[in-house]
1. Could you tell me whether THR388 is among the hydroxyl-bearing types (Ser, Thr, Tyr) and surrounded by 23 or more Cβ atoms within 10 Å (Cβ to Cβ)?
2. Go through segment 122-167 and count every residue that is part of a helix (DSSP H, G or I) and over 30 Å from ASP209 (Cβ atoms).
3. Which residue, of ARG393, ARG448, is under 30 Å from GLY290 (Cα atoms), at pLDDT below 90 and either in a loop (DSSP other than H, G, I, E, B) or under 32 Å from the mean Cα position of the chain (by Cα) (or both)?
4. Starting from residues that are among the small types (Gly, Ala, Ser) and part of a helix (DSSP H, G or I), keep the ones in segment 77-104 and report whichever is surrounded by the most Cβ atoms within 10 Å (Cβ to Cβ).
5. Might you check whether a residue that is on the phi > 0 side of the Ramachandran plot, surrounded by fewer than 19 Cβ atoms within 10 Å (Cβ to Cβ) and at pLDDT below 95 occurs anywhere in segment 57-73?
6. Based on this model, can you work out whether LYS484 counts as in a helix (DSSP H, G or I), within 29 Å of TYR334 (Cβ to Cβ) and out of contact with any helix residue (DSSP H, G or I) (no Cβ under 6 Å at 6 or more places or on another chain)?
7. Does SER139 qualify as being over 21 Å from VAL28 (Cβ atoms) and not aliphatic (A, V, I, L, M)?
8. Which condition number does GLY326 fail, the rest of (1) farther than 29 Å from ILE205 by Cα; (2) surrounded by fewer than 17 Cβ atoms within 10 Å (Cβ to Cβ) being met?
Amino acid sequence: MLKAFIPFGNQLTQILRLKSLPFIIIGVGIAVRFCQYVFAKSLWLDESLLALNIVNKSFPEFLKPLDYHQVAPVGFLFIEKLFVQLLGNNEYALRLFPFICGTISLFLFFKIAKHLLENEAFLIALTLFSCSGYLINYSAEAKQYSTDVTIILFLYATTVHFQSKRLKINHIASFGIIGAITIWFSHPSAFVLAGIGICLSLFSIKRKDWRRISQLSIVYIIWLFSFAAFYMITFHDFQNTTSTGNIETMQNAWTGCFTPFPPTSLSDIRWFVRTFFSIFKNPIGLHYVGIAVLTFIIGCTSLFSKNRRWFFLLLSPVLITLIVSGFHLYPFGYRLLLFIVPLVLLFIAEGAESIVNKTKDSFPMIGIILLCLLLAQPILKAAYNLMTKNIYRVRPIEDIKPVMNYLKKEKHEEDIMYLYHGSDIAFQYYAKQCGFDDDDYIIGIRSRETLQNYTKDLDKLRGNKRVWLLFTHVTKSAGVDEEKFFIYYLDSIGKRINHFKSEGAAIYLYDLSGIEFER
């Protein structure tokens, strides 16, 4: 395909036809994920919130609402707990299951892309998937998002396997049991199962294949029973204040990420347009959003004409998620949509190949430029990270552990320890590892709207000779960096004795004995 317009086309075509090239791409994907896993820093706030649940709760307690307004699949929590018990309470144990899932997903995506796409599109899709920054990042994070991707790919790989077969009893049982199990390990799997089920039924109805419909009905009943059991066990105490609070907190935290369904105003229409474009930035992670959107739309058109079955199978979960989001049950945005990344990349790869094929005779440079814009940035980023042993940063690093180790070494018995409100959860996770008890520290107030409340809270520390203040997950809203605000005020009322910083975390030692606190 590229021979006609790329210098040294013969050599490049031979490289593209290498049977080992897909496995080289997968090898790079495994390597960057392993690098992310090995060199990742301390748990950040969101990981710490879930980690405290995993470490402190028993297996039966995972069937009840989690602490700290957290929500995670029961199966995921069980495996995380098992790894912690076997390997110890540390970052590597907590991040091992997501890493394993991230690695397995490469081979599952290989199977699906190979089934759906032609050679060049297949290689484009596999490269984008292997080098996707968000997929790599979440493959080494103690959250369920990497697991979501793997399970969704597993469901599609299972669909590929059974779709071409004449269903027998063992096939029906296997398909039903696989879907039933995945519901317990991934919340978005319910959307994918619904999409797959609806599409397979409509395909069979169109062919008037009533035998297959009756067979699939057994599969769907198994799925529904599993979902009903999952819902009853997980939300059996829905009226519980903790359960209700978790849902309300989720809705408040993700304000703006729920579908205005049905759209009734111009602002609602703008929401759909804005969200559509933002997805290609996060979580798809492509640098040139306009190019990605164009290739995606062309890919949709191309796959619709080539394989309408898979066009609907791939897009139906996205539409169902939009509808569910309209009921404020699942946010439609950012990392919670990581599970749709492989589906979108398949369309983008199909669109890229379609553009290259249509322009190779008249305007060959269009194809070259397009492929460079799509592939150069993720490939170069992966190569750079491998060579420098660096990690992907889709969020700020909050490396609190070195700061706490420094504090452990330098703290005197009579010292006061004050935690900035954003650092308390991560501190609590590492506290026992660093030898701190619950009564060793004070947690500061949270007052983003009224900064003067912070000064009043700090005034309570006056009169103490040695006061440590620890910062991480610092709020920077309305143009104010709260850490800088704290330090500015502390410098005005006391004397800075010492400080230590790591990436995204810092600790300061102040002498506040010079001015006595007046009540």
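The values are calculated or read from the model by the stated rules, or taken from the named source; none is laboratory data. Please read these numbers as outputs of a predicted model, since none were measured by experiment. Glycine gets a Cβ as well: all are built from the backbone with ideal geometry, and neighbour counts include every protein chain shown. When the accessible area is computed, the model is the full protein with side chains, heavy atoms only, and any ligands, DNA or RNA have been set aside. Shrake-Rupley method; radii C 1.70, N 1.55, O 1.52, S 1.80 Å.
1. no
2. Residues meeting the conditions: 20.
3. Sole residue among the options that is under 30 Å from GLY290 (Cα atoms), at pLDDT below 90 and either in a loop (DSSP other than H, G, I, E, B) or under 32 Å from the mean Cα position of the chain (by Cα) (or both): ARG393.
4. Top of the filtered list is GLY102.
5. For segment 57-73, residues on the phi > 0 side of the Ramachandran plot, surrounded by fewer than 19 Cβ atoms within 10 Å (Cβ to Cβ) and at pLDDT below 95: present.
6. Criteria met by LYS484.
7. Here the answer is no, as SER139 does not meet what is asked.
8. (1)
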